[in-house]
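Working notes, structure below.
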Amino acid sequence: MHLGNCHNFYDFRALAQRKLPGPIFNYIDGAADDEATLRQNTASFERCDLVPNILRGVEKIDMSVTVMGQKLAMPVYCSPTALQRLFHHQGERAVAAAAAKFGTMFGVSSLGTVSLEELRKAYDTPQVYQFYFHKDRALNRAMMQRAKDAGINVMALTVDSITGGNRERDLRTGFSIPFQLSFGGMLQFAIKPMWAINYLTHERFALPQLDEHVDMSGGAISIGRYFTEMLDAAMNWTDVAEMVRAWNGQFCLKGLMSVADARRAVDIGCTGIILSNHGGRQLDGSRAAFDQLAEIVDAVGDRIDVMMDGGVRRGTHVLKALSLGAKAVGVGRYYLFPLAAAGQAGVERALNLMRTEIERDMKLMGCSSIRELSRANLRFR
Ligand SMILES: Cc1cc2nc3c(=O)[nH]c(=O)nc-3n(C[C@H](O)[C@H](O)[C@H](O)COP(=O)(O)O)c2cc1C
């Protein structure tokens, strides 16, 4: 198996599995508890059928969208994910470069491994900064100011991770940052020497979004402890309303799922919401975002940009979400496995396949622009 043989998500996943040490592959691939939500995320798209129209003159396809004030050449963006230089030494640089090439938006995680300033300067495409709410309010203010100074286009506060999810695969492999590997885990690294050589011969692992504020690099605090000790489980709507006011720009909540919460997000002045269950990695049993989408679009879709992520593996999944009323769709593992498999070339190939699929599927649906997609194109089983 090599990059040229990768034609879909599952091919990239298989190639990534061959290249990555087991604990790292399982960190990306895994989810919380019984991983039921992880499975539901993709299954939810399969309970919905497409009803195409014909003879509509579809020789030219326009798949561009505008979301949260950002014009995107395709309706899919790279959702923020942590620790990318652990998956491939190019890390966030590869994802940002590929996103820029395809004219789409990418998210940089506050647990990212390349600084938001470097990425903002180097890649001319909309950039979302994802952050968590800390107990230390001065730290929250400092991180927001830093993002403002860097010229970040969109702020995304992740609200589904008030505490860490129960990732049993990670417990079994001993995956943690900084590394504290079990003997079995160490063997898994030893049998992937190419990964180990790349990891060890490139710049030292770091978390530059946090290093300035929190001593994590020296092993003083693990990511598990970061979630339980530094993040504020007492965070509430008043706190977030204050942040939205302070940011005074494009601000979205990531990981919201209920209609009531969507209404409150509008009330406090958010300009976007991302329906998400964090790829099934937080609350197992949580509903798939796609299943919640219609209700939420009906409640607030005329007042706020509704996006979603989770389980998206195909162009048809994206078209289904857009037909229901999403403004754009995020992907996580869809670009992470290609990143692990082949760095920037992998992410570019994945985005190219996605763009090609969307274009082909729009033609087959009889739609030449995203605006033409509607619920008339869908039937639920
Ligand atoms: C390995 C990994 C790391 C992630 N890290 C973050 C993160 O740091 N912050 C965040 O808000 N979401 C994070 N997510 C969630 C993604 O942004 C996104 O919601 C999810 O991956 C969507 O599901 P999908 O992988 O099925 O596309 C992560 C997901 C994965 C798979």
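The values are calculated or read from the model by the stated rules, or taken from the named source; none is laboratory data. Only a predicted model underlies this, so the values are computations on that prediction, with no experimental measurement involved. Note: ideal-geometry Cβ built from the backbone for every residue, glycine included; neighbour counts use all protein chains shown.
Of all residues in region 100-127, which are within 12 Å of the ligand (Cβ to nearest atom) and touching a residue at least 60 places away in the same chain (Cβ under 8 Å)? Working first, answer last.
So the first thing to find is which residues in region 100-127 are within 12 Å of the ligand (Cβ to nearest atom), and the list is 106-113.
Within region 100-127, Gly107, Val108, Ser109, Ser110, Leu111, Gly112, Thr113 qualify.
Inside region 360-381, can you point out the residues that are more than 15 Å from Leu50 (Cα to Cα) and buried (at least 16 other Cβ atoms within 10 Å of the Cβ)? Answer for region 360-381, where residues must be more than 15 Å from Leu50 (Cα to Cα) and buried (at least 16 other Cβ atoms within 10 Å of the Cβ): just Ser368. Selection within region 340-374: residues that are under 19 Å from the mean Cα position of the chain (by Cα) and among the polar types (S, T, N, Q). The member of this set that is nearest to Arg85 (Cα to Cα) is Gln344. Of all residues in region 328-339, those satisfying the criterion of being under 12 Å from the mean Cα position of the chain (by Cα) and outside any strand (DSSP E or B) are Gly332, Arg333, Tyr334, Tyr335, Leu336. With respect to Glu92, is the statement that it is in a loop (DSSP other than H, G, I, E, B) and either more than 14 Å from the ligand (Cβ to nearest atom) or within 16 Å of the chain's Cα centre (by Cα) (or both) true? Criteria not met by Glu92. Every condition in (1) in a helix (DSSP H, G or I); (2) of a type in the set (Ser, Thr, Tyr); (3) surrounded by 15 or more Cβ atoms within 10 Å (Cβ to Cβ) is met by Ser286 except one, and the failing one is (1). Return a yes/no flag: does region 298-320 have any residue that is within 12 Å of the ligand (Cβ to nearest atom), buried (at least 20 other Cβ atoms within 10 Å of the Cβ) and assigned to a helix (DSSP H, G or I). Scanning region 298-320 turns up at least one residue that is within 12 Å of the ligand (Cβ to nearest atom), buried (at least 20 other Cβ atoms within 10 Å of the Cβ) and assigned to a helix (DSSP H, G or I). Is there a residue being touching an Asp or Glu at 6+ places or on another chain (Cβ under 9 Å) and of a type in the set (S, T, N, Q) anywhere in region 67-76? For region 67-76, residues touching an Asp or Glu at 6+ places or on another chain (Cβ under 9 Å) and of a type in the set (S, T, N, Q): absent. Just one residue in the set Ser79, Ser109 is among the polar types (S, T, N, Q), surrounded by 23 or more Cβ atoms within 10 Å (Cβ to Cβ) and within 22 Å of Glu229 (Cβ to Cβ); that residue is Ser109. When Lys121 is tested against (1) at pLDDT 95 or above; (2) over 30 Å from Thr66 (Cα atoms), only condition (2) is not met. Every listed requirement among (1) in contact with a His (Cβ under 8 Å, 6 or more places away or on another chain); (2) crowded, with 17+ Cβ neighbours inside 10 Å is met by Ala142 save one, (2).
Set side by side, the residues Arg85, Arg39 differ, and just one is of a type in the set (D, E, K, R), in contact with a Gly (Cβ under 9 Å, 6 or more places away or on another chain), farther than 16 Å from Leu339 by Cα and within 14 Å of the ligand (Cβ to nearest atom), which is Arg39.
Looking across region 266-283, the residues that are assigned to a loop (DSSP other than H, G, I, E, B) and of a type in the set (Val, Ile, Thr) come down to Ile268, Thr271.
Against the criterion of being modelled with pLDDT of 95 or more and within 13 Å of the ligand (Cβ to nearest atom), Glu46 does not qualify. The single condition among (1) aliphatic (A, V, I, L, M); (2) modelled with pLDDT of 95 or more; (3) surrounded by fewer than 17 Cβ atoms within 10 Å (Cβ to Cβ) that Ala233 does not meet is (2).
Looking for something under 24 Å from Arg349 (Cβ atoms) and polar (S, T, N, Q) - is there at least one such residue anywhere in region 48-61? Working first, answer last.
Within region 48-61, the subset under 24 Å from Arg349 (Cβ atoms) is 61.
Narrowing further to those that are polar (S, T, N, Q): none.
The answer is no; no qualifying residue exists.
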